[in-house]
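Data first, discussion second: the structure below is written as structure tokens.
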Amino acid sequence: MQDESRWRGLLETAAVLAAFVAFGLAWAEGLGRAVAAESNYPEQAVDEASETPEIWLLDGFNLLHAGPLGGRDRSGWWREPQRRELLALVDRFDDPTAEVWVVFDGPHDDDHGGHPACGTAPRLKRVFAPSADAWLLARVRHAQDPARIAVVTADKQLADRARHRGARVYSPRAFLDRCTG
């Protein structure tokens, strides 16, 4: 009887903890959406009087969610066909002189044999990194002139860190609006 009472107490405690965790996660998700909705990413360059960025560093999966996958089934979103769809869209970026890098998290798993170049324009490159965020920030950090670099992301923490290092930050929607060519 005492063991049964002890188990019941443990199960009740676990249920209460699970309810608190579920509530906390739901609240945090709602807060995250509210913060994202209030994000103040510039739709154009931070300083319009300055030159257009020469190097564009794109958070690949972040851009994929904002662009080609918008509103569609997201099962399998990390697969090669979805990446190809994004790359085809990015290949139409309206600045033909810009160097564009699309960085995806994770290992390279397609049939391109590990080559970073893709698309029809030699300016378009893709990279697979253990952490796209870390790769993007390292590229900004090691740049001779970070003001020549634009980072495209909706990740507020990444955006803040890139801005702090001197790069310009664009929202995925602002970048994709320029991919009409």
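The values are calculated or read from the model by the stated rules, or taken from the named source; none is laboratory data. Everything quoted here is computed from the prediction, not taken from an experiment. So basically every Cβ, Gly included, is an ideal-geometry build from the backbone, and we count neighbours across all protein chains shown.
Every residue in segment 134-181 that is assigned to a helix (DSSP H, G or I) and in contact with an Asp or Glu (Cβ under 7 Å, 6 or more places away or on another chain), please.
L136, R148, L158, A174 - these are the residues of segment 134-181 that are assigned to a helix (DSSP H, G or I) and in contact with an Asp or Glu (Cβ under 7 Å, 6 or more places away or on another chain).
Is there a residue in segment 169-178 that is more than 15 Å from the chain's Cα centre (by Cα) and at pLDDT below 95?
Yes: segment 169-178 contains one or more residues that are more than 15 Å from the chain's Cα centre (by Cα) and at pLDDT below 95.
Select from segment 117-174 the residues that are in contact with a helix residue (DSSP H, G or I) (Cβ under 6 Å, 6 or more places away or on another chain), within 21 Å of L86 (Cα to Cα) and β-branched (V, I, T) and list them in ascending order.
Result: I149, V151, V152, T153, V169.
Collect the residues in segment 160-179 that are surrounded by fewer than 22 Cβ atoms within 10 Å (Cβ to Cβ), of a type outside the set (K, R) and more than 16 Å from E99 (Cα to Cα), keeping them in residue-number order.
D160, H164, G166, S171, P172, A174, D177
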